[in-house]
Amino acid sequence: MSGSKTQFRARFKRMDQSTAEEWAGIMTLHAGLVDVLPDRILDQLRLLDSQAGGFAVDRLTHSLQTAHRAERDGRDGAYVVCALLHDIGDVLGPLNHADIAAAVLRPWVSDAYHWMVQQHAVLQGYYFWHYIGGDRNARDALRGHEYYELTEEFVRKYDMPAFDDEYPTPPLEHYEPLVRSFFGTKTSN
């Protein structure tokens with residue numbers, strides 16, 4: 001292993017030929033990925049700024065409004081982070097954005113908040129799927145799940161109304177300290 005983290009490269013061609021020294025180097029570099037995660041999350045959120053998709057506000061503004069509504073309602077930091085990131089997958093995975101957001105959040109949030117983010121799109125469908133040929137009551141298949149009410153409330157109070165071009169929306173910089181502290185204090189598995 002060389003002295004610099006960024007210059008290390010394992011020599012194995014197959015994992016079953018790897019060594020403990022190589023894995024020590026790999027894990028050191030992996031820790032660096034976790035260290036820069038807040039920057040990458042903020043960069044991904046900024047990508048939403050250019051995507052309105054026909055809505056009155058772009059996807060970043062929608063995410064900021066969702067987070068701000070939750071923040072103003074006194075929700076905890078993890079909940080506000082979930083509200084901010086719930087649509088972070090829109091650009092990369094327009095057909096499964098909720099799964100992407102949930103996967104990003106999984107190592108840092110409770111099972112309840114993970115499920116809330118992962119299922120929010122299905123519960124959001126109640127408000128518009130019938131206009132586009134879908135079943136607005138698809139969410140009923142999830143009724144009875146222990147986190148259904150939490151998710152229904154998230155969508156109804158914070159996600160669904162956050163398309164208001166007149167809502168006083170804070171800039172992303174307002175949430176930057178929260179994102180940095182939230183993802184900087186925990187580590188993934």
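The values are calculated or read from the model by the stated rules, or taken from the named source; none is laboratory data. No experiment lies behind these values; they were computed from the predicted model shown. Here the Cβ positions follow ideal geometry from the backbone for every residue, glycine too, while neighbour counts run over all protein chains shown. Side chains included, ligands, DNA and RNA excluded: accessible areas come from the protein's heavy atoms. Shrake-Rupley method; radii C 1.70, N 1.55, O 1.52, S 1.80 Å.
The mean sequence distance of close C-alpha pairs (under 8 Å, at least 6 residues apart), as a share of the length of region 47-187, puts its relative contact order at 28 percent. Rounded to the nearest 20, the Cβ-based charge dipole of the chain about its Cα centre (Lys and Arg +1, Asp and Glu -1) stands at 660 debye. The calculated P(r) of region 33-118, using every Cα pair and 5 Å bins from 0, goes 3, 16, 24, 27, 20, 8, 2, 0 in percent.
Averaged over its residues, the chain has an accessible area of 56 Å² per residue, based on protein heavy atoms and a 1.4 Å probe. Backbone geometry of region 138-150 corresponds, through the Karplus equation with coefficients 6.51, -1.76 and 1.60 at θ = phi - 60°, to 3J(HN,Hα) couplings of 4, 4, 4, 5, 9, 4, x, 5, 4, 10, 4, 4, 4 Hz, x marking Gly and Pro. As I understand it, the value is the acute angle between the Cα axis of helix 111-124 and the longest principal axis of the Cα atoms of the chain; what does it come to in degrees, rounded to 10? It works out to around 50 degrees.
Which of the three applies to region 132-189, rounded, prolate or oblate, going by the alpha-carbon gyration tensor with a ≥ b ≥ c and a/c under 1.5 meaning rounded? It is oblate, given that a/c is not under 1.5 and a/b is not larger than b/c. The calculated pair-distance distribution of the chain uses every alpha carbon pair, bins of 10 angstrom beginning at 0, and gives 9, 32, 30, 16, 10, 3 percent.
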